[in-house]
Amino acid sequence: MSRAEVLRTLVRRELGESLRSRWFVTYSAVFLAGAVALTLFGLSGSQVYGYRGFAKLMAGLVHLALLFVPLMALFPATAAIAGERETGSLEYLVSQPISFGELFWGKWLGVSLAVSLSLSLGFGFAGAVAVSGGTPWQLVALLLALTLLLAQAFVAIGLLCSALARSRARATSAGLILWIIAVGLGTLGLMGLVLHWGLPRFIVTIWAFANPVEAFRLGVIASLDSDGSLLGPVGGAWVTTLGAGWMIALCLVTLLLWTILPTVLAWWRFRRPQPRSPL
Amino acid sequence: MIEARGLVKRFGSRVVLDDLDFTVERGRRLALLGLNGAGKTTLLRCLMGLLAFEGSVLIDGVDVATAGKRARGRVGYVPQRPPLFSMTLGSLVEFFSALRGIPERRIAGRLEALGLPLDETAALSLRELSGGMVQKALLAVALAADPPVLLLDEPTANLDPQARGEFMRVLRAVDEDTTLLLASHRLDEVEMVADRIWILHDGRRVFDGTLDELRAAARADSWLWIRTVQERRDDARQKFIELAGEEAVMANGKHVAVQLPAAARVDALSGLRQAGVPIEEFWVVGPSLEEIVRGFFVKGGSGESR
């Protein structure tokens, strides 16, 4: 069996597993319903306020994505390794003529594809309506790219938790704690802490780009609102300094790094037989 | 053929496999015995390259450490605990035939031989099947690729007697060139399949021989059972205790048993007759594998490599 054939077989299975997952289907359905509802509101808003009204309602879609996209990615990703370890199927899979690397990348690709397909469905519908309502397709494509990257970042985080944890429950708990920190501790919340404890202000700036959720939020709002009025104090200052284009590019790079680094770490943990096996 | 040189496996400071050197020839049927924690499962995992280890292992001439994927292509494996895949039996066949690069009909044929015709069972979810049925499916997957090496880690531990019988019948019929390593706790399985026995203890091979040689080394005697009348049961038990000691005697209802060498059985029965204990029936039962292994450790002087 060639590497490509093995990967194709593993990806197909992982994709099917993710798409059959109860949690994944639930979050995907909620996201799709939310996207449809917001799009319909956006359409009526754009008739009254024009493109600007639509852009503000797209920001609502972004906030929906902030909550649901990480969860949609975390559940299948945290189950991918730790869940199979618990059921004994991981050991059986690697006893087959496949390499540890093929199994890992098969899982990564399968989960990534499942999450991307589901998001593209929800966002694709909203985007098609938006484009037909006069929104530039480039903007819709940029928003979709940012959303997919946010999802991939949390797939990577989930896979890392899954590779490190001894059980699915621990992997999911670790992923959810990271999600709560990322979503709950936004820039404004952190500024409160900075002011309360007298911490240096650059911490807020670093946090804005160290946190994938915040990077996504800033990137999306910068693309919808280039004057920075909706970005908050940190984002507004960055847009003024860098310009919206560089600001968006910086957010894309941040999300890309959040996708690559945890994935590489997870692969490093899983890539070969260990003294304490990853099985 | 399996070759291991200087195989050492440590978990932290604990040595689980201690400098094992061995060759298992092609076509050999080897039973791996040992108490819990002796290192049987760890050895099988090392042979498949699922754990990092010191030393070298070749499966059919392929180095497990440097070419794990190719080596595992020469192995069929059935674990002790059936993995809980969330798929149907039909999907399992499709998935593993694709993964191993073999036609689905070969797995289906093996399933049929194991009493699981795919046309009737394809839609069944693995999570709804009994542990025995899943183990049969895994055996079918393992056999379908005709691997030169079969590794079986107590595969019938969760099977009922009928399923165990079917499983072992199929195992007995595997190609005579196939090298088979069976970790087991059951004497009937070992007798049925193995032509050689190893005992692992504290990560070392402390016995390598046939079952008869193990019996001799363990000096584990068979049980002589008699059935007498209820009111004379205690007299029979007392007579046996005088002969072999209390540890070698057990009683249940009208039945009394004594564990003693074959040469002493006639004397034991004569003694009962002379004491006026009626014997309605008698029979001999061989020692269990646990008794043989325990006997090996207690009487056989374990700890030294043979």
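The values are calculated or read from the model by the stated rules, or taken from the named source; none is laboratory data. Computed from a predicted model, the values in this text were never measured in an experiment. Here the Cβ is made from the backbone with ideal geometry for all residues, glycine too, and neighbour counts use every protein chain on show. Heads up: the accessible areas ignore ligands, DNA and RNA and are worked out on the full protein's heavy atoms, side chains in. Shrake-Rupley method; radii C 1.70, N 1.55, O 1.52, S 1.80 Å.
Could you identify the single residue in B:124, B:116 that is assigned by TED's automatic domain parsing to the domain that holds residue B:40 and open to solvent by less than 40 Å² (accessible area, probe 1.4 Å)?
Exactly one residue qualifies, and that residue is B:116.
Starting from the stretch B:64-91, keep only residues that are of a type in the set (S, T, N, Q), then list their pairs with residues that are in a strand (DSSP E or B) and surrounded by fewer than 17 Cβ atoms within 10 Å (Cβ to Cβ) whose Cβ atoms are within a distance under 6 Å, requiring at least 6 positions of separation or different chains.
B:88/B:125
Within 14 Å of the chain's Cα centre (by Cα), modelled with pLDDT under 90, assigned to a helix (DSSP H, G or I) and on the phi < 0 side of the Ramachandran plot: does that describe residue A:62?
Criteria met by residue A:62.
Please go through the stretch B:83-97 and give me each residue that is in contact with a Ser or Thr (Cβ under 6 Å, 6 or more places away or on another chain) and either under 20 Å from residue B:167 (Cα atoms) or open to solvent by 40 Å² or more (accessible area, probe 1.4 Å) (or both), ordered by number.
Within the stretch B:83-97, B:83, B:84, B:88, B:89 qualify.
Quick one: which of B:142, B:67 is of a type in the set (A, V, I, L, M, F, W, C), assigned by TED's automatic domain parsing to the domain that holds residue B:170 and more than 21 Å from residue A:88 (Cβ to Cβ)?
B:67
Is the stretch B:185-199 home to any residue that is in contact with a Phe, Trp or Tyr (Cβ under 9 Å, 6 or more places away or on another chain), under 24 Å from residue B:70 (Cα atoms) and not in a loop (DSSP other than H, G, I, E, B)?
The answer is no; no qualifying residue exists.
Counting just the residues of the stretch A:89-118 that are facing chain B (nearest Cβ under 7 Å) and of a type in the set (S, T, N, Q), which one comes out most open to solvent (accessible area, probe 1.4 Å)?
The selected residue is A:99.
Would you mind finding the one in B:105, B:110 that is open to solvent by 40 Å² or more (accessible area, probe 1.4 Å), free of Cβ contacts under 8 Å to residues at least 12 places away in the same chain, over 16 Å from residue B:149 (Cα atoms) and more than 13 Å from every other protein chain (Cβ to nearest Cβ)?
Checking each option against the conditions leaves just B:105.
This table checks each residue for (1) out of contact with any Gly (no Cβ under 9 Å at 6 or more places or on another chain); (2) open to solvent by 10 Å² or more (accessible area, probe 1.4 Å); (3) charged (D, E, K, R).
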{"position": "B:7", "(1), (2), (3)": "no, no, no"}
{"position": "B:12", "(1), (2), (3)": "yes, yes, no"}
{"position": "B:19", "(1), (2), (3)": "no, yes, yes"}
{"position": "B:23", "(1), (2), (3)": "yes, yes, no"}
{"position": "B:27", "(1), (2), (3)": "yes, yes, no"}
{"position": "B:30", "(1), (2), (3)": "yes, no, no"}
{"position": "B:50", "(1), (2), (3)": "no, no, no"}
{"position": "B:54", "(1), (2), (3)": "no, yes, yes"}
{"position": "B:58", "(1), (2), (3)": "yes, yes, no"}
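Taking residue A:80, is it closer than 29 Å to residue B:102 by Cβ, crowded, with 23+ Cβ neighbours inside 10 Å and either out of contact with any helix residue (DSSP H, G or I) (no Cβ under 6 Å at 6 or more places or on another chain) or among the aliphatic types (A, V, I, L, M) (or both)?
Yes, satisfied.
Looking only at residues in the stretch B:256-268 that are surrounded by 16 or more Cβ atoms within 10 Å (Cβ to Cβ) and hydrophobic (A, V, I, L, M, F, W, C), which one is nearest to residue B:236 (Cα to Cα)?
Among those that are surrounded by 16 or more Cβ atoms within 10 Å (Cβ to Cβ) and hydrophobic (A, V, I, L, M, F, W, C), it is B:256.
Could you check, for the stretch B:218-230, whether at least one of its residues is touching a residue at least 60 places away in the same chain (Cβ under 8 Å), closer than 30 Å to residue B:10 by Cα and hydrophobic (A, V, I, L, M, F, W, C)?
yes
Residues B:68, B:6: which one is of a type outside the set (D, E, K, R) and at positive phi?
Just a single option satisfies the conditions, and that option is B:6.
Given B:66, B:42, which one is within 20 Å of the chain's Cα centre (by Cα), surrounded by fewer than 23 Cβ atoms within 10 Å (Cβ to Cβ) and more than 21 Å from residue B:210 (Cα to Cα)?
Exactly one of B:66, B:42 is within 20 Å of the chain's Cα centre (by Cα), surrounded by fewer than 23 Cβ atoms within 10 Å (Cβ to Cβ) and more than 21 Å from residue B:210 (Cα to Cα), namely B:42.
Among what's in the stretch B:187-211 and is of a type in the set (D, E, K, R) and farther than 18 Å from residue B:297 by Cβ, pick the residue that is surrounded by the most Cβ atoms within 10 Å (Cβ to Cβ).
B:189
Could you please find all residues in the stretch A:119-141 being open to solvent by 40 Å² or more (accessible area, probe 1.4 Å) and either closer than 13 Å to residue A:69 by Cβ or in a helix (DSSP H, G or I) (or both)?
Correct list: A:120, A:121, A:125, A:128, A:131, A:132, A:137, A:138, A:141.
Give the number of residues within the stretch B:1-55 that are assigned to a strand (DSSP E or B) and more than 14 Å from every other protein chain (Cβ to nearest Cβ).
Going through the stretch B:1-55 one residue at a time, the tally reaches 17.
Do we have residue B:73 as more than 30 Å from residue B:292 (Cα to Cα), out of contact with any helix residue (DSSP H, G or I) (no Cβ under 7 Å at 6 or more places or on another chain) and within 13 Å of another protein chain (Cβ to nearest Cβ) here?
Spelling it out, residue B:73 is indeed more than 30 Å from residue B:292 (Cα to Cα), out of contact with any helix residue (DSSP H, G or I) (no Cβ under 7 Å at 6 or more places or on another chain) and within 13 Å of another protein chain (Cβ to nearest Cβ).
Would you mind finding the one in B:105, B:72 that is farther than 20 Å from residue B:173 by Cβ and among the basic types (Lys, Arg)?
Going through B:105, B:72 in turn, the sole match is B:72.
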